[in-house]
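The structure under discussion appears below in the form of structure tokens.
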Amino acid sequence: MEIANPIYDVVFKYLLEDNKVAKIFLSAVTGLDIIHLEFLPQELSVDAEKSKQKRPITTALTLSVYRLDFSAKIRQADGSEKIILIEIQKSKFTNESMRFRKYLGKQYMNENFFQWVSDVAGKRYKSGIPILPLYFLGERLEGFEGIPIINVDRVIRDRYTREVIGEKNHFIDALFHQGIVINIPALSKKRRDELELLLSVFDQENRQENHHIMNVKEIDFPEKFRPIIRRLQAAAQEKEVRDIMTVEDDFISELNEYENRIAEANKQKEGERQQKEEERRQKEEERRQKAEAIKLLLRLGMDKAEIAQHLDIPLQTIPDLENPEG
């Protein structure tokens, strides 16, 4: 069957707009027992009609027409809450990790992401809601080529005994987080369990020629995951979704071009800097050698006029070379 490619932001957003499907998907990926899911307001949104017109890259980067991340508040069966941040990276940009850091830092600063908690004395105070970031990486992650799902766990230890501490504390939960990385290129080689099978919908080797559509077999997926497959099938039939995928392609193409220009400019600047540094080093070495020669010739009894003639340098420069620190 044909499904829309979920690596596109508009398709992923369409997938998660169905609350039931979103719970199934995020519960499977995070391993959390999600009983309530509330997607948080997005700062940016795609406007397909406004975005169809070709525009200069500088405009494309400043207009609020593109969404690169998603966030949701979840409540688990035990009543605890978490903020899930989801970021999808489709192309290797030079500033990718910094963009992720800035977005993560912004969420830590969000004053709405708090909960009221009580200490042992019963005093209530505000504490940050724990954050769980999910990164879907479309490009190869060096050193992790064969690992499709990477769990980054938080381990709390007694420094002296190295004993793992299992206690929970709002202070630690609010300031230190776990993370999950979905290494999409590695998904094509692994189908070892149900989660890796589910995430195979991101396997870009299943793309058709235009990259917007994937080919999968619904029967290959467990029954509990089939609502996800059917939702992606529905997305493939939505004209607006297909139009916005084209906008995303244009945006990524422009952004790649922009990044390449920046990289080329930085490379040129670095080359010029290295050339200037080499010229400075050579001049410094020449100056040092002349100073050593002057000192040697003075010790041999040669006067400064003779030294200037011998070294083919102006007489007035000898004091500076003779006393470089002066």
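The values are calculated or read from the model by the stated rules, or taken from the named source; none is laboratory data. None of the values given here were measured: they were computed from a predicted structure. Cβ: placed from backbone, ideal geometry, glycine included. Neighbour counts: every protein chain shown.
Brief remarks on what is shown
- Cβ separations smaller than 9 Å between residues 6+ apart or across chains give the following pairs from segment 282-295 residues that are within 19 Å of GLN316 (Cβ to Cβ) to residues that are polar (S, T, N, Q) and part of a helix (DSSP H, G or I): LYS290/THR317.
- Test for GLU209: is it without any contact (Cβ under 8 Å) to a residue 24 or more places away in the chain and part of a loop (DSSP other than H, G, I, E, B): yes
- Residues of segment 77-136 satisfying the condition of being assigned to a strand (DSSP E or B), among the basic types (Lys, Arg) and either in contact with a Leu (Cβ under 7 Å, 6 or more places away or on another chain) or at pLDDT below 80 (or both): LYS82
- Residue in segment 285-294 that is modelled with pLDDT of 90 or more and either in a helix (DSSP H, G or I) or polar (S, T, N, Q) (or both) present: yes
- Residue, farthest from PRO6 (Cα to Cα), within segment 204-227, restricted to residues that are among the hydrophobic types (A, V, I, L, M, F, W, C) and in contact with a strand residue (DSSP E or B) (Cβ under 9 Å, 6 or more places away or on another chain): VAL216
- Conditions (1) aliphatic (A, V, I, L, M); (2) part of a helix (DSSP H, G or I); (3) surrounded by 13 or more Cβ atoms within 10 Å (Cβ to Cβ); number of the one not met by ILE219: (3)
- Evaluation of LYS168 against (1) under 24 Å from ILE24 (Cα atoms); (2) surrounded by fewer than 15 Cβ atoms within 10 Å (Cβ to Cβ) (one fails), failing number: (1)
- Residues that are of a type in the set (Phe, Trp, Tyr), in a helix (DSSP H, G or I) and under 20 Å from the mean Cα position of the chain (by Cα), drawn from segment 1-22: PHE12
- For GLU196: the one exception among (1) part of a helix (DSSP H, G or I); (2) out of contact with any strand residue (DSSP E or B) (no Cβ under 8 Å at 6 or more places or on another chain); (3) of a type outside the set (A, V, I, L, M, F, W, C): (2)
- In this entry, ILE180 is excluded by the filter for residues that are surrounded by 11 or more Cβ atoms within 10 Å (Cβ to Cβ), assigned to a helix (DSSP H, G or I) and among the β-branched types (Val, Ile, Thr).
- Residues in segment 138-165 that are surrounded by 11 or more Cβ atoms within 10 Å (Cβ to Cβ) and in a loop (DSSP other than H, G, I, E, B): GLY138, GLU139, ARG140, LEU141, PHE144, GLU145, ILE147, PRO148, ARG154, ILE156, ILE165.
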